[in-house]
1. Just the residues that are among the β-branched types (Val, Ile, Thr), buried (at least 16 other Cβ atoms within 10 Å of the Cβ) and closer than 14 Å to A:Gly153 by Cβ, please, taken from segment A:219-245.
2. Among the candidates B:Ile47, B:Ile68, B:Ile37, B:Ile23, single out the residue that is among the β-branched types (Val, Ile, Thr) and over 30 Å from A:Ala37 (Cα atoms).
3. Hey, among B:Ala146, B:Ala121, which residue is among the small types (Gly, Ala, Ser) and within 14 Å of chain A (Cβ to nearest Cβ)?
4. Under the condition of being under 21 Å from the mean Cα position of the chain (by Cα) and not aliphatic (A, V, I, L, M), which residue from segment A:202-218 is surrounded by the most Cβ atoms within 10 Å (Cβ to Cβ)?
5. Within segment B:51-75, which residues are at the interface with chain A (Cβ under 8 Å from one of its Cβ atoms), hydrophobic (A, V, I, L, M, F, W, C) and farther than 27 Å from B:Asp113 by Cα?
6. Looking at A:Pro211, A:Pro191 in this structure, which one is in contact (Cβ under 8 Å) with a residue 60 or more places away in the chain and out of contact with any helix residue (DSSP H, G or I) (no Cβ under 6 Å at 6 or more places or on another chain)?
7. I'd like the residue in segment B:30-50 that is more than 9 Å from chain A (Cβ to nearest Cβ) and either aromatic (Phe, Trp, Tyr) or crowded, with 16+ Cβ neighbours inside 10 Å (or both) and, out of all such residues, is farthest from B:Thr80 (Cα to Cα).
8. Scan segment B:208-223 and tell me whether some residue there is under 13 Å from the mean Cα position of the chain (by Cα), closer than 20 Å to B:Gly63 by Cα, surrounded by 18 or more Cβ atoms within 10 Å (Cβ to Cβ) and touching a residue at least 40 places away in the same chain (Cβ under 8 Å).
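The values are calculated or read from the model by the stated rules, or taken from the named source; none is laboratory data. Keep in mind it's a predicted model, so treat the numbers as computed, not measured. Quick reminder, even Gly has a Cβ in these numbers, built from the backbone with ideal geometry, and neighbours come from all protein chains shown.
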Amino acid sequence: MITVFGAAVWFQGLQMRRVANLSALVNTPLFTLALVAIMVHSGRSDLAPYAVVGATVIAVWNMAIVESGGIIDADRGQGTLEALISTPAPLALVVLGRTVTVTVISLLSLVESVIVARLVFGVVVDVHHGWLFAVTLVLTAVSMAMTASALAGIFVLSRSARTFQNALSYPFYLLSGAVVPAPLLPEWLQPITKVVFLSWSTDLIRDCLRPGAVPNALTRLAVVAGLGLAAMVAGVWVLRRILERVRTTGAVSFA
Amino acid sequence: MIRDNARVLAAAFTSALADLRAIYTWRTWSFAWLSRILAQVAFYAVIGRLLGSAERTQYLLVGNAVFIAALVSLLVCASTAWERQAGTLPLLVAAPTSPFPLFVGRSAQWLLDGTMCASIALFVLSPLFGLPMPMPRALLALPLIALVSWSTYCFGLVLSAFVLRKVEVRNLVSGLSSLTLMLVCGVQVPTTFWPAPFPQLAEVLPLTHGLGAVRDLLSGAPAGVVVGGAALELCVATGWLVVAGLAFRHLAESGRRDGSIEFGD
């Protein structure tokens, strides 16, 4: 199992050497500039860290839906899915190994965003609760990798994965409170934000940037992990259904 | 010559519409694509609420709604590259007609898509964010948005001539270009917010004057000011169209000379 997981991580690492697969990281400085500029121009430089968090969430989620979400679809397009599912290695584990790689690489966007905000606008992002911040990032990355694995399976069921990849971008940036916290969204949207793990993550991250105590930190961390796990369970179930179907019909490349 | 080019343009446009029908069903366009567009505009407009400023909310709403026209039109970079991927580029270059009118029409579905999405975003979200839309005057925003689509499309054609040689970076070029326009053309902050030479650069980029004209229109500026902005946007569009024509001619001539039409990077 560890060998399979390690091989999947290594393989995806090789895939990510192509600049076209890193477009979210290339775009991050520009998103950071755009979002921080809005705050600075309005005389609210105190909100610039929100913009830094927002630019990071945009990059991490974008890579999750485009790079991770397209893993199985791309294998199917290249004709390698047949070989992959005929091996004894569990497909879900291979996909998880690959999405973990993408997610870890996508977290570089946080470093990019902090540096750009500092160099261009002199914005300093102070982390007042270092350990909680680190744990939140790790749990967010794990949940993101698990959610991306689920998406990789779900996208295969669609006629055009690209359509759904596009459709899932900004609605999730909005629902995840990437820049604007959920309580400022319309009331009818707020219950939906509760089932989006990123909205819990971004709230925690913003709280870590403030000097005061962070309320209910452990519970909120548990919710982030729980929602990620729920997505993974759903993803494994979807992958099993897909494999059963294509093994029965023989239509691996036309699922 | 003109009749031939018009015929090629019309055939290419028919093909573009077929592409649009292949990409979207009316359900995926309405519920997936349009929803995402509305969410995109709302995502930026709601930052105005975070800032506690109705004026900023409305500025962001108008800027990001009109920006959608530019964003979608820049998909011309990706769809032009499809000709290379489909293996049809050598046939198009070998044809007796110039490839330029063909490529002008070949991705024109994005003009319609961009204009519709941006217009719907502006008119649907305005009441939700408290932006006054004086009628019937506000309806004049529709041709201005179409003009922004056209000028950005012309700009995108120039980029497409480059992308045809480097197909792998088509989405990267399209993404970076749209973000650059978002940054410097007055979408999120006025063009003068940035230091030189960015305000000067914005003057010759698409979107800047068209977006300015829409803002002037909605704020009740005199007709002459709005028309002036639209005229400048049209001049910018024409300039980029000429550059695009030269870029495609260079692509075809140099490709024939060095055999790189099918075997570029």
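1. Here is the first cut: in segment A:219-245, the ones among the β-branched types (Val, Ile, Thr) are A:219, A:223-224, A:233, A:236, A:238, A:242.
Imposing the further condition that a residue be buried (at least 16 other Cβ atoms within 10 Å of the Cβ) reduces the set to A:223-224, A:236, A:238, A:242.
Listed by number, the residues that qualify are A:Val236, A:Val238, A:Ile242.
2. Numbers: B:Ile47 fails: over 30 Å from A:Ala37 (Cα atoms); B:Ile68 fails: over 30 Å from A:Ala37 (Cα atoms); B:Ile37 fails: over 30 Å from A:Ala37 (Cα atoms).
Every option except B:Ile23 fails the conditions.
3. Working: B:Ala146 fails: within 14 Å of chain A (Cβ to nearest Cβ).
Every option except B:Ala121 fails the conditions.
4. The residue in question is A:Thr202.
5. Of segment B:51-75, the ones at the interface with chain A (Cβ under 8 Å from one of its Cβ atoms) are B:51, B:53, B:56, B:60.
Next, from what is left, pick out any that are hydrophobic (A, V, I, L, M, F, W, C): B:51, B:60.
Hit for segment B:51-75 is B:Leu51, nothing else.
6. Values: A:Pro191 fails: in contact (Cβ under 8 Å) with a residue 60 or more places away in the chain.
The conditions single out A:Pro211.
7. Step one: filter segment B:30-50 for residues more than 9 Å from chain A (Cβ to nearest Cβ), giving B:30, B:34, B:45.
Going one step further and asking which of them are either aromatic (Phe, Trp, Tyr) or crowded, with 16+ Cβ neighbours inside 10 Å (or both), we end up with B:34, B:45.
On the way: B:Leu34: 23, B:Ala45: 32 Å.
Ranking the qualifying residues of segment B:30-50, first place goes to B:Ala45.
8. Step one: list which residues in segment B:208-223 are under 13 Å from the mean Cα position of the chain (by Cα), which gives B:208, B:210-211.
From the residues that got through so far, the ones that are closer than 20 Å to B:Gly63 by Cα too are B:208, B:210-211.
Subset that is surrounded by 18 or more Cβ atoms within 10 Å (Cβ to Cβ): B:208, B:210-211.
Restricting the remaining residues to those that are touching a residue at least 40 places away in the same chain (Cβ under 8 Å) gives B:210-211.
Yes: segment B:208-223 contains one or more residues that are under 13 Å from the mean Cα position of the chain (by Cα), closer than 20 Å to B:Gly63 by Cα, surrounded by 18 or more Cβ atoms within 10 Å (Cβ to Cβ) and touching a residue at least 40 places away in the same chain (Cβ under 8 Å).
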